[in-house]
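Here's the structure, in C-alpha cells; my notes come after.
The values are calculated or read from the model by the stated rules, or taken from the named source; none is laboratory data. Quantities reported herein were computed from a predicted structural model and do not represent experimental measurements. Please note: Cβ atoms are built from the backbone with ideal geometry, for glycine as well, and neighbour counts cover all protein chains shown.
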Amino acid sequence: MAVIQVVTDSACDLSPAMAEEQGVQVVPLTIRFGDEEFVDRVELSPKEFWSRLTTSPVIPETAAPSPGAFQKVFLDAASTGADGVVCITLSSAVSATYQAAVTAAATVESSIPVRVIDSNTLTMGLGLLVLAASDAAQAGRPLDSIVSEIETLRSKTMVYGTIDTLEFLKRGGRIGGAAAMLGSLLSIKPVVVIRDGAVALESRQRTRARAVQYLIDKAVGAAPLERIALSHGAVDDISEVVERLEQVPCAHELVVTELGPVVGTHAGPGSLGLAYQTAG
C-alpha cells in the first residue's frame with residue numbers, strides 16, 4: 001500500500017487540530033504588521049489576527065513561504081518513509097506560494113516524487129481539496145491516482161463569500177475611497193466568488209441577511225454535495241448560519257473554520273466564506 005504525504009499551505013484555513021488529525025503537513029505563510037512579522041497559526045492565531053486587524057493603524061501584508069520551507073517538509077516526508085508527496089497550494093493567481101512549492105519539488109526529485117497542484121482557489125475551497133486528498137491517501141491510493149482525483153474535484157469546488165464592510169478593501173487599495181463611501185451609504189454587502197483562481201464580484205446585496213441568504217441558496221441549489229465548509233472572520237451570528245447549512249444534503253459533515261489572514265486582510269471582520277464540492 002502506498003504511503004503518500006499530503007502537504008498544503010496555511011491559506012487552506014484548516015485548524016491545526018484538523019490538519020494533525022488528517023495527517024496533513026501545513027507550510028505557513030507569514031503576516032506582517034509594519035515591522036512585526038508572524039508565522040501564520042504558529043505565532044499568530046486567527047483570533048489574534050482579527051484582534052490586531054481591527055485595532056492596528058498598519059495595513060497587514062501576507063508573504064508566501066520560501067522554497068526552503070517546502071523543501072524541508074518534502075524531505076521530512078522522505079525520511080519518514082513516504083512513497084510520494086501531493087502538495088496542494090492556494091491559487092497561483094494571488095500568491096507566489098505555488099511557484100515556491102514547484103521550485104522546492106524540483107530540488108528533491110532524487111529523494112521523493114512530489115506532485116504540486118495549483119488549487120485555483122482560496123480558504124476552505126483549498127481546504128476541501130486537501131481533505132479529499134487526505135482521505136484518498138489514508139485509503140492507500142497511489143500518488144498519480146490522488147492527483148487525478150484532486151484535479152477532477154478542482155472543477156467541482158466553489159467558493160463564495162460575503163463582506164460585512166468595504167473599509168478593509170479600501171485600506172488595501174482594492175477599491176477607491178469614494179466607492180467605499182457610496183457602498184457604505186447604500187449598505188451594500190458584496191458577494192464575491194473565486195473565478196479562474198481570483199476573487200470576482202458575484203452579486204451586490206442590500207443587507208447582510210440577504211447576503212447570507214444568497215450564500216445558503218447557492219449551497220441548497222447545488223445539493224446534493226460531496227463536501228461543504230464555512231469559514232468566518234470575527235462573526236457573531238455564526239451559529240445561526242451553521243444551523244442552516246447543516247440542513248443541506250451532503251455526504252460529509254459540515255466543516256467550520258476561522259478565516260485566516262490571506263483572505264481576512266482584505267475582507268475584514270464579519271466576513272463569511274462558503275465552500276462546497278458538488279457530488280457526482
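Of all residues in region 42-60, exactly one satisfies the criterion of being closer than 14 Å to VAL263 by Cα, out of contact with any Leu (no Cβ under 7 Å at 6 or more places or on another chain) and part of a loop (DSSP other than H, G, I, E, B), namely ILE59. Limited to region 239-264, what total is found for residues that are part of a helix (DSSP H, G or I), among the small types (Gly, Ala, Ser) and touching a residue at least 12 places away in the same chain (Cβ under 8 Å)? Final tally of qualifying residues: 1. Taken together, the criteria exclude GLY221 from residues that are at pLDDT 90 or above, within 29 Å of LEU29 (Cα to Cα) and not in a loop (DSSP other than H, G, I, E, B). Would you be able to say whether some residue in region 61-75 is in contact with an Asp or Glu (Cβ under 7 Å, 6 or more places away or on another chain), assigned to a loop (DSSP other than H, G, I, E, B) and closer than 27 Å to ARG154 by Cβ? Yes, some residue in region 61-75 is in contact with an Asp or Glu (Cβ under 7 Å, 6 or more places away or on another chain), assigned to a loop (DSSP other than H, G, I, E, B) and closer than 27 Å to ARG154 by Cβ. Taken together, ALA82, ALA11, ALA2, ALA17 contain a single residue that is assigned to a helix (DSSP H, G or I) and either among the polar types (S, T, N, Q) or more than 20 Å from ARG154 (Cβ to Cβ) (or both), which is ALA17. Can you name every residue in region 71-88 that is touching a Ser or Thr at 6+ places or on another chain (Cβ under 8 Å) and over 22 Å from GLU151 (Cα atoms)? Matches in region 71-88: GLN71, LEU75, ALA78. Could you tell me whether any residue of region 14-31 is under 14 Å from the mean Cα position of the chain (by Cα), assigned by TED's automatic domain parsing to the domain that holds ALA104, crowded, with 21+ Cβ neighbours inside 10 Å and of a type in the set (S, T, N, Q)? No: zero hits.
Residues in region 229-237 include at least one that is of a type in the set (Asp, Glu) and at pLDDT below 95.
So VAL94 fits all but one of (1) in a loop (DSSP other than H, G, I, E, B); (2) in contact with a strand residue (DSSP E or B) (Cβ under 8 Å, 6 or more places away or on another chain); (3) at pLDDT 95 or above; what number is the exception? Going through the list (1) in a loop (DSSP other than H, G, I, E, B); (2) in contact with a strand residue (DSSP E or B) (Cβ under 8 Å, 6 or more places away or on another chain); (3) at pLDDT 95 or above, VAL94 breaks only (3).
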